[in-house]
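Undergrad: Sharing a structure with you now.
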Amino acid sequence: MKLDKTSKKIIGLRLKSFIIFVVTPESKNQIFFFLTLFAGVFILYPFLDYQSIMATGDHGRDLYAARAALEGRVPYRDYWWVYGPLMPYYYALFFKSLGVHVPALLTGKALLSLVSALLIYGTLLTATVTPLLALIGALWFLVFPPDFFITYNHTGGTTLLLALTFLVFQYLARPRVIFLYLGLGAVFFLSLVKLNFGVTGLFCLLVAVFGIDRTCKNPVTPGKKIFYWAALVLPFFVFLVYGWFLRGLPVYALRQCLPYFGGDQPYNISIPAGIGMLVKLTFENITATWQNILFTLVVVGATVRSARQLTSKGIDPKERTRLLATIGILVLFYVTSVHEFVLSGVFYRSFWAKPFACLLMFLFLSIGTRELHKGVRGFLCAALLAVVGLNILNTQSALRMVKTPAQYLEVKRGKVFLGNQTPWINTVTQTVSFLEANLREDELFFALPYDPLYYFLTDKTSPTRQLIFFDHIKIPPQQEKEILAELEENRVNWVLLSNRQHATEEYGLGILGKTYCPLIGEYIERNFTTVAQFGDRVNEPGWAWNHGVRVLKRNQNGGAL
């Protein structure tokens with residue numbers, strides 16, 4: 001059927017009206033939310049069976065803790081644990097539903113990263129960033145993440161920090177007290193992931209709410225008074241939770257599990273030195289590649305334009321107040337999130353602040369480009385999307401190349417591709433195979449100085465509560481005697497010694513039997529003999545490289561158990 005011009009015009013107008021009706025601002029936000037969700041799943045999916053690097057110590061500790069939580073054992077009391085008590089139980093849920101192997105835990109970690117990206121999107125959207133730019137910001141966070149490669153624990157802390165930030169922004173946009181109550185909930189759980197970040201999170205929440213109320217002249221309602229009273233009481237409830245987990249432990253064990261005193265931290269620097277290191281690290285990141293330099297120039301240009309707009313007379317006073325409050329809140333979270341790095345100089349501790357750097361960058365990109373021509377803004381978004389897309393393609397291409405049989409940890413609890421050097425993977429595989437072939441099902445072994453990954457991979461329980469033995473742990477003679485008593489009580493006939501027992505270059509480690517644990521060192525030397533050896537015993541041992549292992553068996557003439 002042929003339509004005349006009038007009919008075509010009517011149909012066109014109706015179609016246009018339908019599109020305008022359907023694509024409302026709310027529906028547009030929802031569309032980009034689901035785009036963020038699906039893109040996030042696409043980005044994270046290849047990492048469900050891949051880990052860039054694995055250590056027998058730190059990652060082994062996290063894996064062992066999650067399995068122990070699944071079996072009903074309690075952090076701190078039943079095994080040494082150095083963070084808040086929440087995350088072992090979180091990851092135990094994935095062991096429960098998916099099976100006890102590394103990919104199950106990586107699935108839990110990926111879910112947290114996905115939620116964090118959605119919170120980045122929601123926070124930017126609440127700050128009136130366009131849905132497209134908010135989507136790009138969320139994907140930027142996933143492509144250039146705060147990757148705490150040393151532990152799985154901190155991913156949960158990042159998610160809760162972003163949840164707290166999102167709730168503060170919701171309160172700024174709509175001052176409802178329910179957001180404050182939810183914010184206190186986020187602080188509570190954050191305290192159970194990393195205690196010091198729970199403290200800084202509560203500080204940020206209170207300062208932000210007080211500043212918003214003063215700036216926006218929000219009334220002090222009865223609900224607001226309840227919030228302030230609840231914030232005052234919250235530390236007491238956190239103290240009760242930690243007290244329940246830590247009850248009965250001696251002082252030395254408390255300090256080993258919660259090393260917040262200066263003498264218990266292996267790394268301590270002055271605040272001015274820490275700030276200097278932060279500036280240096282930031283400069284090195286900016287100048288690492290020409291792409292980094294170019295992107296920095298774009299962000300700096302947008303920041304300058306943002307400052308000009310915020311100080312111009314043409315901007316609406318309420319809009320200026322809201323934007324300045326938004327920037328101030330993000331700066332507050334950024335500054336408090338670098339406290340660990342500034343006090344220690346450990347570079348990966350600066351990653352806590354990366355989400356807020358991401359939020360600030362995209363906020364300034366939004367403010368600074370609002371008055372530019374639509375075509376310029378479109379070109380900028382297209383360029384940023386191209387950077388994200390190319391990085392996704394390059395990463396997934398690299399992962400396909402890495403996922404080879406040589407990089408696969410093919411043991412029952414492994415089932416994961418690793419970015420470690422092949423000799424490291426071979427050493428772990430050979431050691432696990434030897435232990436499984438030579439130990440009875442009910443027989444335990446003692447791994448030290450810090451190799452709980454072998455407990456996890458062999459499905460064995462540590463014969464002692466203590467999982468780590470180094471100089472900086474400061475194990476007193478009394479604790480050594482208790483550990484030796486546990487070995488006797490659990491009839492331990494096997495010892496696994498990694499080559500980190502003799503580490504002279506890595507700060508805070510030392511030499512087993514000489515600089516730390518002389519009683520344990522003498523006990524092993526007197527009663528055990530090496531029966532197998534795997535991996536590197538020549539080069540200086542590393543955190544996740546140059547890995548070597550000796551397996552020792554109790555002497556028959558030395559009091560066999």
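Undergrad: Select from segment 339-350 the residues that are surrounded by fewer than 20 Cβ atoms within 10 Å (Cβ to Cβ) and β-branched (Val, Ile, Thr) and list them in ascending order.
TA: Passing the criteria: only Val346.
Undergrad: Now for a different question. Has segment 368-377 got at least one residue that is without any contact (Cβ under 8 Å) to a residue 60 or more places away in the chain, surrounded by fewer than 18 Cβ atoms within 10 Å (Cβ to Cβ) and among the hydrophobic types (A, V, I, L, M, F, W, C)?
TA: yes
Undergrad: Being over 24 Å from the mean Cα position of the chain (by Cα) and either outside the structural domain of Leu167 (by TED's automatic domain parsing) or under 22 Å from Pro131 (Cα atoms) (or both) narrows it down to one of Val388, Val376, so name that one.
TA: Answer to the check: Val376.
Undergrad: On to the next question. Could you tell me whether any residue of segment 493-506 is charged (D, E, K, R) and part of a loop (DSSP other than H, G, I, E, B)?
TA: Yes.
Undergrad: Look through Val279, Val298 and report the one residue that is assigned by TED's automatic domain parsing to the domain that holds Ser350 and out of contact with any helix residue (DSSP H, G or I) (no Cβ under 9 Å at 6 or more places or on another chain).
TA: Criteria check complete, one pass: Val279.
Undergrad: Test Ala406 against the stated conditions and say whether it is under 30 Å from Pro103 (Cβ atoms), part of a helix (DSSP H, G or I) and not assigned by TED's automatic domain parsing to the domain that holds Gly60.
TA: Yes: the conditions hold for Ala406.
Undergrad: Would it be correct to say that Ser397 is in contact (Cβ under 8 Å) with a residue 60 or more places away in the chain, in a helix (DSSP H, G or I) and among the polar types (S, T, N, Q)? Outline the logic, then answer.
TA: Values: in contact (Cβ under 8 Å) with a residue 60 or more places away in the chain: no; in a helix (DSSP H, G or I): yes; among the polar types (S, T, N, Q): yes.
No: the conditions fail for Ser397.
Undergrad: Starting from segment 426-439, take each residue that is touching a residue at least 24 places away in the same chain (Cβ under 8 Å) and list its partners that are in a helix (DSSP H, G or I) and of a type in the set (A, V, I, L, M, F, W, C), counting only C-beta distances under 7 angstrom and pairs at least six apart or across chains.
TA: Val432/Leu457
Undergrad: Please go through (1) hydrophobic (A, V, I, L, M, F, W, C); (2) crowded, with 20+ Cβ neighbours inside 10 Å; (3) more than 30 Å from Gly508 (Cβ to Cβ); (4) not assigned by TED's automatic domain parsing to the domain that holds Ser52 for Leu439 and return the number of the only condition it doesn't satisfy.
TA: (2)
The rows are residues; the columns are (1) buried (at least 21 other Cβ atoms within 10 Å of the Cβ); (2) among the aromatic types (Phe, Trp, Tyr).
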{"residue": "Ala69", "(1), (2)": "yes, no"}
{"residue": "Arg73", "(1), (2)": "no, no"}
{"residue": "Tyr79", "(1), (2)": "yes, yes"}
{"residue": "Val82", "(1), (2)": "no, no"}
{"residue": "Met87", "(1), (2)": "yes, no"}
{"residue": "Tyr90", "(1), (2)": "yes, yes"}
{"residue": "Thr123", "(1), (2)": "yes, no"}
{"residue": "Thr126", "(1), (2)": "no, no"}
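Undergrad: Where in segment 157-266 are there helices (runs of 4 or more DSSP H), lying fully within it, with 3 or more residues that are in contact (Cβ under 8 Å) with a residue 60 or more places away in the chain and farther than 29 Å from Ile120 by Cα? Show your work before the answer.
TA: Numbers: elements: 177-191, 195-216, 222-246, 251-257.
It comes to 222-246, 251-257.
Undergrad: Can you name the condition, by its number, that Gln309 falls short on among (1) out of contact with any helix residue (DSSP H, G or I) (no Cβ under 9 Å at 6 or more places or on another chain); (2) touching a residue at least 24 places away in the same chain (Cβ under 8 Å)?
TA: (1) is the only condition that Gln309 fails.
Undergrad: Residues that are over 29 Å from the mean Cα position of the chain (by Cα), surrounded by fewer than 14 Cβ atoms within 10 Å (Cβ to Cβ), part of a helix (DSSP H, G or I) and in contact (Cβ under 8 Å) with a residue 12 or more places away in the chain: does segment 288-300 have at least one?
TA: No, there is no match, as no residue in segment 288-300 is over 29 Å from the mean Cα position of the chain (by Cα), surrounded by fewer than 14 Cβ atoms within 10 Å (Cβ to Cβ), part of a helix (DSSP H, G or I) and in contact (Cβ under 8 Å) with a residue 12 or more places away in the chain.
Undergrad: So which pairs qualify, if the first residue must be in segment 69-91 and among the acidic types (Asp, Glu), the second must be modelled with pLDDT of 95 or more, the Cβ gap must be under 7 Å, and the two must be at least 6 apart or on different chains?
TA: Partner pairs satisfying both residue conditions: Asp78/Ala68; Asp78/Arg465.
Undergrad: Let me ask something else. For the subset of segment 459-481 comprising residues that are basic (Lys, Arg) and under 27 Å from the mean Cα position of the chain (by Cα), which member is surrounded by the fewest Cβ atoms within 10 Å (Cβ to Cβ)?
TA: Of all residues in segment 459-481, those basic (Lys, Arg) come to 460, 465, 474, 481.
Keeping just the survivors that are under 27 Å from the mean Cα position of the chain (by Cα) gives 460, 465, 474.
On the way: Lys460: 20, Arg465: 17, Lys474: 15.
Among residues in segment 459-481 that are basic (Lys, Arg) and under 27 Å from the mean Cα position of the chain (by Cα), the one surrounded by the fewest Cβ atoms within 10 Å (Cβ to Cβ) is Lys474.
Undergrad: Does segment 167-174 contain at least one residue that is touching a Cys at 6+ places or on another chain (Cβ under 6 Å) and modelled with pLDDT of 95 or more?
TA: no
Undergrad: Another question about this same structure. Of the numbered conditions (1) of a type outside the set (Gly, Ala, Ser); (2) within 22 Å of Lys354 (Cα to Cα); (3) loosely packed, with under 15 Cβ neighbours inside 10 Å, Lys217 fails exactly one; give the number of that condition.
TA: Answer for Lys217: the failing condition is (2).
Undergrad: Among the residues of segment 505-517, which ones are over 29 Å from the mean Cα position of the chain (by Cα) and touching a residue at least 24 places away in the same chain (Cβ under 8 Å)?
TA: Leu512, Thr515, Tyr516, Cys517
Undergrad: Okay, next question. For segment 97-110, state whether one or more residues are surrounded by fewer than 20 Cβ atoms within 10 Å (Cβ to Cβ) and not in a helix (DSSP H, G or I).
TA: yes
Undergrad: Picking from Val346, Val300, which residue would you name as being β-branched (Val, Ile, Thr) and modelled with pLDDT of 90 or more?
TA: Just one listed residue meets the conditions, Val300.
Undergrad: If a residue has to be of a type in the set (A, V, I, L, M, F, W, C) and under 14 Å from Gln501 (Cβ atoms) to count, how many in segment 441-474 make the cut?
TA: Step one: filter segment 441-474 for residues of a type in the set (A, V, I, L, M, F, W, C), giving 444-448, 453, 456-457, 467-470, 473.
With the extra rule that they be under 14 Å from Gln501 (Cβ atoms), the set shrinks to 446-448, 468-470, 473.
Final tally of qualifying residues: 7.
Undergrad: Tell me which of these Ala503 doesn't satisfy, since it passes every other one: (1) modelled with pLDDT of 95 or more; (2) buried (at least 21 other Cβ atoms within 10 Å of the Cβ).
TA: Only one criterion in (1) modelled with pLDDT of 95 or more; (2) buried (at least 21 other Cβ atoms within 10 Å of the Cβ) is unmet by Ala503, namely (1).
The values are calculated or read from the model by the stated rules, or taken from the named source; none is laboratory data. Please read all numbers here as calculations on a predicted model, not as lab measurements. Reconstructed Cβ throughout: ideal geometry from the backbone, glycine too, with neighbour counts over all protein chains shown.
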